[in-house]
Amino acid sequence: MIEQKRVLNTAIPGPKSQALHERKLAAVSAGVGTGLPVYIEKAAGGILVDADGNQLIDFGSGIAVTTVGNGNPRVVEAVQQQIQDFTHTCFMVTPYEEYVLVAEALAELTPGDHAKRSALFNSGSEAVENAVKVARHFTGRQAVVAFDHAYHGRTNLTMALTAKNMPYKHRFGPFANEIYRVQMAYPYRWPTGPEHCADEAFETFVADVHAQVGEENTAAVILEPIQGEGGFIVPAPGFVKKVADWCREHGILFIADEVQTGFCRTGDWFASEHEDVVPDLITTAKGIAGGMPLAALTGRADVMDAIHTGGLGGTYGGNPVACASALAAIETMKADDLCGRARAVEALFMPRLEALAEKYGVIGDIRGRGAMLAVELVSDQEKKTPDADLTARINKYCHGEGLVTLTCGTFGNVFRFLPPLSASDELLTEGLDILDDAFASCV
Ligand SMILES: *Cc1c(COP(=O)(O)O)cnc(C)c1O
């Protein structure tokens, strides 16, 4: 077991990481970027150990994936056992129980007590692609409505759903058609103020879909109940429910993309629960399987079973090792009450983030829920001018001190926190102290 302690032996990145990075540049496409080029050899709990023996505090969980922490004993054991038993048969050729167990767990855990069915895939993008396939097939309609600041992936269809050009879409077109974009209820930047945001954004949404798409042409509306890459934007309270209810009235399927928000991250099993919404279809990935690649589409049985046999699938989808890992991760989330832990993380972070806002005057908005929190940095509080430069400098400072942090946001000015839920208060507090130093040094 790796000691849950930050250790800096060298500058970050150290000489071994730098040498590896030279090789990376010579062998890996420049298109694949790295936020912090320290090369990791081991990780456990909230600590990443690099090639130079530095121990870094993890505030990113590999982008909300290692919610149960690296090196989780249940996950390690389940994966080792499954690898010995068998690694692949292809579920579409000769099936196995682990896949069925994951589908059963998804039916139990996702919002709503209606009959559900799932299909398993390899990545969040693939789950979203399949949600759109299913919604179009079931409704016989083509249009899909997505929101400003949305992130749904990098495949052709999901690029079309994703809002941000750089780096996700730039010169990668043409994109899939029949995708329409509407305004998100973004409280901090809502022109008439956050108190009017939910109602006005909903009115705009209804008017735009009616005028520009047509309800009877719309197969689905897809929404992240807290937007991820787009800036950890928490939709104005009530907005998500209004949209979901309106969809139901018009025979439009409501897809919750919970790839980032799912599996205890926001203090509930799924962020839709907080909104009192039962999605028709829900996509999951990231935190589902303790770091193994697995994704799922779960939805109403009548919708999911409308697809002809053979219409959904893929060679690796629901790989048995990934499924075994997911079952162990889910067991850990239940046994260790990781939803409760996410809420405790929020309680630990919030006063510290508020203190940063008070002390440095550059934080325009603090938002998020559970262990999915962020601050939006601005150079002018009145005008809310995004300060991407300051965000990048603070990020770099944290990296230099051995704290792995991530930024996000349409304007590149959001600093986000996604710690593993196995990290101790002590470790998280040390990370927050470094963050305070970073603000002190960079503002
Ligand atoms: C990360 C993410 C995706 C894409 O998942 P990949 O596994 O990277 O394909 C889709 N939707 C949301 C909300 C995400 O955060």
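The values are calculated or read from the model by the stated rules, or taken from the named source; none is laboratory data. It should be emphasised that the depicted structure is a prediction, and the values quoted were computed from it without experimental measurement. Cβ placement follows ideal geometry from the backbone for every residue including glycine, while neighbour counts extend to all protein chains displayed.
Could we say that residue 84 is surrounded by fewer than 24 Cβ atoms within 10 Å (Cβ to Cβ), closer than 30 Å to residue 9 by Cβ and more than 12 Å from the ligand (Cβ to nearest atom) here?
Details: surrounded by fewer than 24 Cβ atoms within 10 Å (Cβ to Cβ): yes; closer than 30 Å to residue 9 by Cβ: no; more than 12 Å from the ligand (Cβ to nearest atom): yes.
It is false that residue 84 is surrounded by fewer than 24 Cβ atoms within 10 Å (Cβ to Cβ), closer than 30 Å to residue 9 by Cβ and more than 12 Å from the ligand (Cβ to nearest atom).
Given the structure, is residue 32 away from the ligand (no atom under 16 Å from the Cβ), assigned to a loop (DSSP other than H, G, I, E, B) and either in the same structural domain as residue 144 (by TED's automatic domain parsing) or closer than 26 Å to residue 228 by Cβ (or both)? First the steps, then the outcome.
Numbers: away from the ligand (no atom under 16 Å from the Cβ): no; assigned to a loop (DSSP other than H, G, I, E, B): yes; either in the same structural domain as residue 144 (by TED's automatic domain parsing) or closer than 26 Å to residue 228 by Cβ (or both): yes.
It is false that residue 32 is away from the ligand (no atom under 16 Å from the Cβ), assigned to a loop (DSSP other than H, G, I, E, B) and either in the same structural domain as residue 144 (by TED's automatic domain parsing) or closer than 26 Å to residue 228 by Cβ (or both).
Residues in the stretch 71-81: is at least one surrounded by fewer than 22 Cβ atoms within 10 Å (Cβ to Cβ) and within 15 Å of the ligand (Cβ to nearest atom)? Break it down stepwise before answering.
Initially, the stretch 71-81 is screened for residues surrounded by fewer than 22 Cβ atoms within 10 Å (Cβ to Cβ), giving 71, 73-74, 76-77, 79-81.
Subsequent filtering for residues that are within 15 Å of the ligand (Cβ to nearest atom) retains none.
Scanning the stretch 71-81 turns up no residue that is surrounded by fewer than 22 Cβ atoms within 10 Å (Cβ to Cβ) and within 15 Å of the ligand (Cβ to nearest atom).
Mind counting the residues in the stretch 14-29 that are surrounded by 11 or more Cβ atoms within 10 Å (Cβ to Cβ) and not in a helix (DSSP H, G or I)?
The total comes to 2.
Taking the stretch 77-100, which residues are in contact (Cβ under 8 Å) with a residue 40 or more places away in the chain, assigned to a helix (DSSP H, G or I) and closer than 17 Å to residue 313 by Cα? Don't jump to the end; show me each part of the working.
Our first condition is that a residue be in contact (Cβ under 8 Å) with a residue 40 or more places away in the chain; within the stretch 77-100, this holds for 77-79, 81-83, 85-92, 96, 98-99.
From what's left, assigned to a helix (DSSP H, G or I): 77-79, 81-83, 85, 98-99.
Passing the criteria: 98, 99.
Results for (1) within 14 Å of the ligand (Cβ to nearest atom); (2) over 22 Å from the mean Cα position of the chain (by Cα), shown as yes or no for each residue.
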{"site": "145", "(1), (2)": "no, no"}
{"site": "154", "(1), (2)": "yes, no"}
{"site": "158", "(1), (2)": "yes, no"}
{"site": "163", "(1), (2)": "yes, no"}
{"site": "168", "(1), (2)": "yes, no"}
{"site": "175", "(1), (2)": "no, yes"}
{"site": "179", "(1), (2)": "no, no"}
{"site": "183", "(1), (2)": "no, no"}
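With of a type in the set (Asp, Glu) and surrounded by 15 or more Cβ atoms within 10 Å (Cβ to Cβ) as the only criterion, which of 346, 354, 382 stands out? Spell out the reasoning first.
On the way: 354 fails: surrounded by 15 or more Cβ atoms within 10 Å (Cβ to Cβ); 382 fails: surrounded by 15 or more Cβ atoms within 10 Å (Cβ to Cβ).
One residue alone meets the criteria, 346.
Residue pairs, Cβ under 6 Å, 6 or more apart or interchain, first in the stretch 1-22 and assigned by TED's automatic domain parsing to the domain that holds residue 45 and more than 20 Å from residue 44 (Cα to Cα), second part of a loop (DSSP other than H, G, I, E, B) and hydroxyl-bearing (Ser, Thr, Tyr). List them.
Going by the 6 Å Cβ cut-off, the qualifying pairs are 20/39.
Filter the stretch 115-143 for residues that are under 21 Å from the mean Cα position of the chain (by Cα) and of a type in the set (Gly, Ala, Ser); which is surrounded by the most Cβ atoms within 10 Å (Cβ to Cβ)?
The qualifying residue surrounded by the most Cβ atoms within 10 Å (Cβ to Cβ) is 127.
Working only within the stretch 210-234, note down all residues that are of a type in the set (Asp, Glu) and either more than 10 Å from the ligand (Cβ to nearest atom) or surrounded by fewer than 23 Cβ atoms within 10 Å (Cβ to Cβ) (or both).
Our first condition is that a residue be of a type in the set (Asp, Glu); within the stretch 210-234, this holds for 215-216, 224, 229.
Residues satisfying the conditions are 215, 216.
Only residues that are touching a strand residue (DSSP E or B) at 6+ places or on another chain (Cβ under 8 Å) and more than 11 Å from the ligand (Cβ to nearest atom): list them for the stretch 255-283, please.
Initially, the stretch 255-283 is screened for residues touching a strand residue (DSSP E or B) at 6+ places or on another chain (Cβ under 8 Å), giving 255-263, 265-267, 270-272, 274, 277, 279-283.
263, 266, 267, 270, 272, 274, 277, 279, 280, 281, 282 - these are the residues of the stretch 255-283 that are touching a strand residue (DSSP E or B) at 6+ places or on another chain (Cβ under 8 Å) and more than 11 Å from the ligand (Cβ to nearest atom).
Let's see how each residue does on (1) at pLDDT below 95; (2) buried (at least 24 other Cβ atoms within 10 Å of the Cβ); (3) under 13 Å from residue 300 (Cβ atoms):
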position	(1), (2), (3)
241	no, no, no
246	no, no, no
249	no, no, no
259	no, yes, no
263	no, yes, no
269	no, no, no
274	no, no, no
280	no, yes, yes
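If residue 128 passes every condition in (1) away from the ligand (no atom under 16 Å from the Cβ); (2) part of a helix (DSSP H, G or I); (3) over 19 Å from residue 78 (Cα atoms) but one, which one does it miss?
Evaluating residue 128 over (1) away from the ligand (no atom under 16 Å from the Cβ); (2) part of a helix (DSSP H, G or I); (3) over 19 Å from residue 78 (Cα atoms) leaves (1) as the failure.
Does residue 412 meet the test of being in a loop (DSSP other than H, G, I, E, B), buried (at least 16 other Cβ atoms within 10 Å of the Cβ) and at pLDDT 95 or above?
Working: in a loop (DSSP other than H, G, I, E, B): yes; buried (at least 16 other Cβ atoms within 10 Å of the Cβ): yes; at pLDDT 95 or above: yes.
Judged against the criteria, residue 412 is a match.
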